[in-house]
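**Student:** The structure follows.
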Amino acid sequence: MKNTDGSEAAKRTAGESAADLVSDGDLVGLGTGSTAAHAIRRLGDRVDSGLDVAGVATSYQSRELAREVGVPLESLADVSRIDVAIDGADQVADGNLVKGGGAAHTREKVVDAAADRFVVVVDDSKVADVLSHPVPVEVLPDARATVAETVRDAGGDPELRAAERKDGPVVTDNGNLVLDCDFGSVTEPAALARRLSGIPGVLEHGLFVGLADELHVGDADGGVATRS
Ligand code: 5RP
C-alpha cells in the first residue's frame, strides 16, 4: 500500500532497518528529523545491549535525542571521517535528495558527505520521479534580500521560512535564515546545485546530488525496500 501521509510506521521501519546496519566500533552520523530519530532511538537500544559506537550529531535536536537514549557523542569538529551516516530527506528522485525541512542541511551535508556509507531513510511518500520540493537555502541574515533576488533570476520563487511557534523567521543552529526556493520540477539538479552554491551569502543548500549510497524506503505495512 502506498503511504501518502508519511506514517510513523513507515518512518520507523526505514529508520530502524538502517540502524541495524551499524557495526561495533562505527562512528555514526546522526541525521535530523522524525525518520532519523527512529534510527537514533534504535541505536540507543542497541547501545543498551552492548553495541560499542559513537555518534556525530547533525543538529541540536539529534544531539539531544542521542543523549536521551544513551548514544555516546563525538564532536563534528574533532572527526575527519565517519563510517556510516543515517539521515532522512524531504524528497528523493533518482538517488538525489532535497533536504533541510528541519533547517539542518548545512551540518547534515558536512556529516553525510564525510561518511563512507550514507544511508537515506524515508517513508514511501517521499519518493518521486523528479525532484520538485522547494529547495531550502541557508543564508547569512544580511544577505537574504540579495540571495532572494539571485534565486529569482535563476527561475526560483524564494520564501523566508517562518518559525512555527513564535513570530519571526526560523533561525538555524548556525544563526542564519532559510529561504525555501521553489523551482518547480528540478530536471537538472547538479546544475542547480552548482548555481546555488555560487551565490554570495549562501551557506549551503538542500540539494544533495550524488551523495547517497543507499536508500531505505519504509511503507505503512511495516515493509522496507532497500536500493543502492
Ligand atoms: C532536516 C532534514 C530531514 O531529514 C528532512 O526534513 C526529513 O524529515 P522527516 O524525516 O521528519 O520527514 O533534512 O534538515
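The values are calculated or read from the model by the stated rules, or taken from the named source; none is laboratory data. The structure presented is a predicted model; accordingly, all values stated were derived computationally and were not measured. Glycine gets a Cβ as well: all are built from the backbone with ideal geometry, and neighbour counts include every protein chain shown.
**Student:** Looking only at residues that are in a helix (DSSP H, G or I) and in contact (Cβ under 8 Å) with a residue 40 or more places away in the chain in the range 145-155, which one is nearest to Phe183 (Cα to Cα)? Don't jump to the end; show me each part of the working.
**Tutor:** Applying the first criterion (in a helix (DSSP H, G or I)) to the range 145-155 yields 145-153.
Going one step further and asking which of them are in contact (Cβ under 8 Å) with a residue 40 or more places away in the chain, we end up with 146-147, 150-151.
Details: Thr146: 17, Val147: 14, Thr150: 13, Val151: 9 Å.
Going through the qualifying residues, I end up with Val151.
**Student:** Here's something else I'd like to know. Kindly indicate whether Ala193 is without any contact (Cβ under 8 Å) to a residue 24 or more places away in the chain, of a type in the set (Gly, Ala, Ser), assigned to a helix (DSSP H, G or I) and out of contact with any His (no Cβ under 7 Å at 6 or more places or on another chain).
**Tutor:** Taking the combined requirement at face value, the residue does not satisfy it.
**Student:** Which pairs have Cβ atoms under 8 Å, sit 6 or more apart or on different chains, and link a residue in the range 73-91 that is farther than 30 Å from Ser125 by Cβ to one that is part of a loop (DSSP other than H, G, I, E, B)?
**Tutor:** Val79/Ala114; Ser80/Ala114; Arg81/Ala114
**Student:** Does any residue of the range 54-72 turn out to be of a type in the set (D, E, K, R), modelled with pLDDT of 95 or more and touching a His at 6+ places or on another chain (Cβ under 9 Å)?
**Tutor:** No: zero hits.
**Student:** Cβ-Cβ distance below 6 Å, separation of 6 or more or different chains: which pairs start in the range 200-228 with a residue that is touching a residue at least 12 places away in the same chain (Cβ under 8 Å) and assigned to a strand (DSSP E or B) and end on one that is acidic (Asp, Glu) and surrounded by 18 or more Cβ atoms within 10 Å (Cβ to Cβ)?
**Tutor:** If the second residue must be acidic (Asp, Glu) and surrounded by 18 or more Cβ atoms within 10 Å (Cβ to Cβ), the pairs left are Leu203/Glu138; Glu204/Glu138; Val217/Asp124; Gly218/Asp123.
**Student:** Continuing with the same structure: Can you tell me which residue within the range 1-15, out of those that are surrounded by fewer than 20 Cβ atoms within 10 Å (Cβ to Cβ) and among the charged types (D, E, K, R), is farthest from the ligand (Cβ to nearest atom)?
**Tutor:** Lys2
**Student:** Restricted to the range 47-63, and to residues that are more than 14 Å from the ligand (Cβ to nearest atom), in a loop (DSSP other than H, G, I, E, B) and not aliphatic (A, V, I, L, M), which residue is nearest to Ala114 (Cα to Cα)?
**Tutor:** Of all residues in the range 47-63, those more than 14 Å from the ligand (Cβ to nearest atom) come to 47-56.
Restricting the remaining residues to those that are in a loop (DSSP other than H, G, I, E, B) gives 49-53.
Restricting the remaining residues to those that are not aliphatic (A, V, I, L, M) gives 49-50, 52.
On the way: Ser49: 27, Gly50: 26, Asp52: 20 Å.
The selected residue is Asp52.
**Student:** Restricted to the range 9-46, and to residues that are in a loop (DSSP other than H, G, I, E, B) and farther than 20 Å from Gly218 by Cα, which residue is nearest to the chain's Cα centre (by Cα)?
**Tutor:** Across the range 9-46, the extreme among qualifying residues is Asp26.
**Student:** Being in a loop (DSSP other than H, G, I, E, B), surrounded by 16 or more Cβ atoms within 10 Å (Cβ to Cβ) and without any contact (Cβ under 8 Å) to a residue 40 or more places away in the chain is the filter here, so list the residues in the range 156-175 that pass it. Can you show your working first?
**Tutor:** So the first thing to find is which residues in the range 156-175 are in a loop (DSSP other than H, G, I, E, B), and the list is 156, 161, 163-168, 170-175.
Filter once more, keeping what is surrounded by 16 or more Cβ atoms within 10 Å (Cβ to Cβ): 156, 161, 170, 172-173.
Gly156 - this is the single residue of the range 156-175 that is in a loop (DSSP other than H, G, I, E, B), surrounded by 16 or more Cβ atoms within 10 Å (Cβ to Cβ) and without any contact (Cβ under 8 Å) to a residue 40 or more places away in the chain.
**Student:** What number of residues within the range 19-40 are within 13 Å of the ligand (Cβ to nearest atom) and either farther than 18 Å from Ser80 by Cα or of a type in the set (Phe, Trp, Tyr) (or both)?
**Tutor:** So the first thing to find is which residues in the range 19-40 are within 13 Å of the ligand (Cβ to nearest atom), and the list is 29-40.
Now narrow it down to the ones that are either farther than 18 Å from Ser80 by Cα or of a type in the set (Phe, Trp, Tyr) (or both): 32-40.
Looking only at that region, the number is 9.
**Student:** Separate question: For the range 104-137, enumerate the residues that are in contact (Cβ under 8 Å) with a residue 60 or more places away in the chain and among the hydroxyl-bearing types (Ser, Thr, Tyr).
**Tutor:** Once the filter is applied, which keeps residues that are in contact (Cβ under 8 Å) with a residue 60 or more places away in the chain and among the hydroxyl-bearing types (Ser, Thr, Tyr), the range 104-137 yields Thr106, Ser125.
**Student:** Could you give me the residue pairs with C-beta distances under 6 Å whose first residue belongs to the range 1-16 and is of a type in the set (A, V, I, L, M), whose second residue is modelled with pLDDT under 55 and outside any helix (DSSP H, G or I) wherever it lies, and which are 6+ apart or on separate chains?
**Tutor:** Ala10/Asn3
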